Number of protein chains: 2
Amino acid sequence: MIAKKMKKYVEGSSVIRAMFEEGAKMAKVYGKENVFDFSLGNPSVAPPSAVKDAMIDILNEGEPSAVHGYMANAGHASVREAVAGSLNGRHGTAFGGEDVVMTVGAAGGLNVILKTLVDPGDEVVVLAPFFGEYANYIANVDGVVMVVPPNTETFQPNLAELERVVTPRTKAVITNSPNNPTGVVYSEATIREMAAILSKRQEEYGTSIYLISDEPYRELAYDGVEVPYLTKYYRNTIVGYSYSKSLSLPGERIGYLVIPKEVDDYGDVVGAAHIANRILGFVNAPSLLQLTVEKCIDTAVDVSPYDKNRKALYEALVEYGYECVKPQGAFYLFVKALGGDDAAFVAKAKQYHLLLVPGSSFGCPGYVRIAYCCDYDKIIRSLPYFKQLAGDYASDSDVCQVVVE
Amino acid sequence: MIAKKMKKYVEGSSVIRAMFEEGAKMAKVYGKENVFDFSLGNPSVAPPSAVKDAMIDILNEGEPSAVHGYMANAGHASVREAVAGSLNGRHGTAFGGEDVVMTVGAAGGLNVILKTLVDPGDEVVVLAPFFGEYANYIANVDGVVMVVPPNTETFQPNLAELERVVTPRTKAVITNSPNNPTGVVYSEATIREMAAILSKRQEEYGTSIYLISDEPYRELAYDGVEVPYLTKYYRNTIVGYSYSKSLSLPGERIGYLVIPKEVDDYGDVVGAAHIANRILGFVNAPSLLQLTVEKCIDTAVDVSPYDKNRKALYEALVEYGYECVKPQGAFYLFVKALGGDDAAFVAKAKQYHLLLVPGSSFGCPGYVRIAYCCDYDKIIRSLPYFKQLAGDYASDSDVCQVVVE
């Protein structure tokens, strides 16, 4: 008696649940320390101590009804000003607080902006490999998901295909850099070319194509790589952000949208976003968390533990013969599935107690995602198993060898 | 270039914004203390001190990654157990933690359960007068809003009309007691009769009709009135709750759904609700707030200030000749608009610096809502203006008299 629309989700989720339950069962049988769950993107670095200090200050000094009460649907004015000011200082932009909508994480923000822009049948383009939830968010507003196939050489977006996929019905393109699942940072050259393609198509079609830049991993960048700020390259850019990774607060659901004044129909877009935040049931981003990020506006977690994991895992995997583009951001490695079939490879990896996610979940079969947001020690202890797993394929053996007991 | 679906919202909201801006302008001109804004349901009683204590304890003693990290989409297991246990203790129910889904407030919970149950074209019944947002939430899933007209004698639901409005396409009925906007508590007799009607119709049609009980005001009940717990009267009841009023935390967005095991297709409904929480972009209810309500599970705000306001305002208004059903819960009075036209009455009240909400916003024209969640002093200072406003109508004068300067 549930909605027909939800049936397929419930059926699909039972597979994931089965996998999760099997992982939990494995941990019980073999010990938690002998099961290497690389499936979840749950930050392993603790929030900066400034977060706790800020919260306790607010609780001790704030007027409780103001700290916990309703505010405008877009959030506390002071928080929105602080976000705009911080972005301007870092990126040379000129946002005002009125251009910022505080949201229930980036997931909330994406749903808000899609509700704002997309009518049933409108097309929304995603660039494979992409975070699988985008397809669900687009389906929430009955949009049509248009997938740009991956460029598996560099995992920069396949721009020739983007140009083909964009049509007069294209309402938005979702981009995500540093990328989940590849860890690749889209280069400035990529961004410039993408902007040129979208600008050209807008002009040809007489439409507005909004570029939605989903940036939860912006602060997780390594080797001094620069992550271009997209509003500076393409006029119709809307940015979605989350503090889930930069402050390690994923359970708290706090993020924002930036809607720059130069986007087409700015007033309508901002107005509709405020309303969407309300009617979708978010109402507003959690108040205490808004006030907390205001106090921690230029704070971010120490990313060096992720970087250390990245180097250790990447170097070892390449040494063992795995193929993988070197990630410059986020906390994921996207590795070519040995044998070519990602589902089969994931199943085989599980025999070594290595829990990975198939690339098919990201619109990119033939690869697997490894989330390395975990203790360094776990990475190191897992390496022999990755090595043996590679060895299995090198010896061309399809026989299952359960090597961990 | 925004979605066509959003256009009407943006147009409608400019009216509300204009009203809000006029209120702000009035406050500037006449002084904030001389403008009586009774339009917002923002709790005036501060959160219990236990809330602050709980938060500080959690921040000082919890492991930060556990306090602020991801958990299952349905929430922390311990929190869900605590909610179920507390309900069982108070209502003699037998819920388990697995029957509870923590949500981003009641607004989040309602959107989750509607997404779970409703396909495009399915009918969802609301009982006038009703919280206007229900219509927007139903529209989010392309459901059809079916309005049961009000019984303006008692403002108990009009059950004869309910019986007529329910069809084979009815997927759900939303009920809300203590009621916004009337403050009426639905009696046990009402609930029994409603349950009988829905049970009969279910049997006739061979369908499942879910009763969604939206209960943010449950703890705000006066004169010792009992607010029946609906799962005990009707098998297919799902409860939506919020701590916005009971703990005065409306900006924090924390609530839950209870899906009892006896509802039809329990497993699918629970499974789909978890997924809906995720894919709608809530992901999970804010983590620190979940842990906080666990520690404050049997705490509630002192409702005596609301009760004092209620008595003072109700008694004075009746004395001045206003017609109003005596509210037993929530923090609203629903008053018959003098002259009959709620919009005209609201406009006239504004001349006395009394800001009210027209009943049309609640599917019940001819009435106005007064939110009395404010300082007692404000209530008392507003009374002469309510008296003069009534006097205007008594003298049958339509001439505007601006009496406040």
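The values are calculated or read from the model by the stated rules, or taken from the named source; none is laboratory data. These numbers come from a predicted model, not from an experiment. Ideal geometry is used to build each Cβ from the backbone, glycine not excepted, and the neighbour counts take in all protein chains shown. For the accessible areas, the whole protein counts, side chains as well, though only heavy atoms, and no ligand, DNA or RNA atoms are used. Shrake-Rupley method; radii C 1.70, N 1.55, O 1.52, S 1.80 Å.
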statement: If labels are modelled 7 Å from Cα along the Cβ direction, A:Gly391 lies from its partners in the other copies at nm distances, smallest first, of 9.7
message: Defining the label point at 7 Å along Cα→Cβ, can you sort the distances from B:Tyr30 to the same site in each other copy, shortest first, in nm?
response: 7.3
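Excluding A:Lys311 itself, what net charge comes from residues whose Cβ is under 14 Å from its Cβ, given Lys and Arg +1 and Asp and Glu -1?
Details: positive: A:Lys308, A:Arg310, A:Lys326; negative: A:Asp223, A:Asp307, A:Glu315, A:Glu319.
My count for the surroundings of A:Lys311 gives -1.
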- prompt: Among chain B residues, which Cβ is nearest the axis of the B-onto-A rotation, and at how many Å?
  reply: B:Pro286, 2
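Could you check what % of the DSSP bridge pairs in chain B are antiparallel, to the nearest 5?
Numbers: 17 of 36 bridges.
Looking only at bridges with both residues in chain B, the antiparallel portion is about 45 percent.
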query: How many Å² of accessible area per residue for the stretch B:122-163, probe 1.4 Å?
result: 31 Å²
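Sorting check: for B:387-394, A:169-176, B:121-128, B:286-293, which peptide has the highest mean count of neighbouring beta carbons within 10 Å, and how do the rest follow? Intermediate values should be presented prior to the final figure.
Working: B:387-394: 16.5, A:169-176: 23.5, B:121-128: 21.8, B:286-293: 26.2.
The peptides rank, most packed first, as B:286-293, A:169-176, B:121-128, B:387-394.
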- line: Relative to chain A, whose Cα atoms define the longest principal axis, helix A:266-279 and its Cα axis are tilted in degrees, nearest 10, by 60 degrees
query: Going by alpha carbons, how many degrees (0 to 90, nearest 10) lie between the helix axis of B:376-394 and the longest principal axis of chain B?
result: 60 degrees
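Evaluate peptide A:372-384: per residue, the Cβ atoms of other protein chains within 10 Å of its Cβ; return the mean as an integer. Mind dumping the intermediate values first?
Working: counts 0, 0, 0, 0, 0, 0, 0, 0, 0, 0, 0, 0, 0.
That works out to 0 on average.
How large is the charge dipole for chain B, taken about the Cα centre, if only the Cβ atoms of Lys, Arg (+1) and Asp, Glu (-1) carry charge, to the nearest 20 debye?
On the way: 37 positive and 49 negative charges, 140 e Å.
Computed charge dipole of chain B: roughly 680 debye.
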message: Show me the ranking of peptides B:72-83, B:194-205 by mean Cβ neighbours inside 10 Å, starting with the highest.
response: B:72-83, B:194-205
- line: Gyration tensor on Cα atoms of the stretch A:146-289, a ≥ b ≥ c root eigenvalues, a/c under 1.5 rounded, else prolate if a/b beats b/c, else oblate, says oblate
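Report, as an integer, the average count of C-beta atoms from other chains found within 10 Å of each Cβ along B:205-212.
Numbers: counts 0, 0, 1, 2, 1, 2, 0, 0.
For this peptide, the per-residue mean of nearby foreign Cβ atoms is 1.
Checking an interface number: how much accessible area is buried between A and B, summed over both chains, with a 1.4 Å probe, in Å² rounded to 100? Working shown, then result.
Numbers: alone 17400 and 17410 Å², together 28990 Å².
Buried area (both sides, nearest 100 Å²): 5800 Å².
Nearest 20 debye, what's the magnitude of the dipole of the stretch B:128-236 about its Cα centre given +1 on Lys and Arg Cβ and -1 on Asp and Glu Cβ? Display every interim value, and only then the final one.
Values: 9 positive and 14 negative charges, 80 e Å.
Approximately 380 debye in magnitude.
Give me the net charge for the shell around A:Ile56: Cβ to Cβ below 13 angstrom, other residues only, Lys and Arg +1, Asp and Glu -1. Kindly include the intermediate steps, with their values, before the conclusion.
Values: positive: A:Lys52, A:Lys295, B:Lys52; negative: A:Asp53, A:Asp57, A:Glu61, B:Asp53, B:Asp57, B:Glu61.
Around A:Ile56, the charge tally is -3.
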task: Please report, as a whole percent, how much of the solvent-accessible surface of the stretch A:29-89 comes from carbon and sulfur atoms (probe radius 1.4 Å).
output: 51 percent
statement: In the neighbourhood of A:Asp342 defined by beta carbon distances under 14 Å, the net charge of the other residues (Lys, Arg +1; Asp, Glu -1) is +2
field: Given charges at beta-carbon only (K, R positive; D, E negative), |dipole| of the protein assembly as shown in Debye
entry: 420 debye
message: What would the Debye equation give as log₁₀ I(q)/I(0) for the protein assembly as shown at q = 0.09 Å⁻¹, counting only Cα atoms as equal point scatterers?
response: -0.88
query: Which whole number gives the average, over all residues in A:56-68, of C-beta atoms from other chains lying within 10 Å of the residue C-beta?
result: 5
- line: Under the Karplus relation with 6.51, -1.76 and 1.60 and θ = phi - 60°, whole-Hz ³J(HN,Hα) for the stretch A:88-105, x at Gly and Pro, equal 4, x, 8, 10, x, 8, 9, 6, x, x, 5, 8, 10, 10, 6, 10, 6, x
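Can you pull the percent of the stretch B:211-356's accessible area that's carbon plus sulfur, 1.4 Å probe, other chains left in place? Before the final figure, lay out each step's value.
Numbers: 1910 of 3990 Å².
Carbon with sulfur: 48 percent of the solvent-accessible area.
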field: Whole-number accessible area per residue in Å² for the stretch A:1-118, which is evaluated in the context of all protein chains at 1.4 Å
entry: 43 Å²
- prompt: Using a label position 7 Å from Cα in the Cα→Cβ direction, what is the ascending list of nm distances from B:Gly96 to the same site in the other copies?
  reply: 5.6
task: Give me the distance between the Cα centres of the stretch B:278-296 and the stretch B:328-357, rounded to whole Å.
output: 36 Å
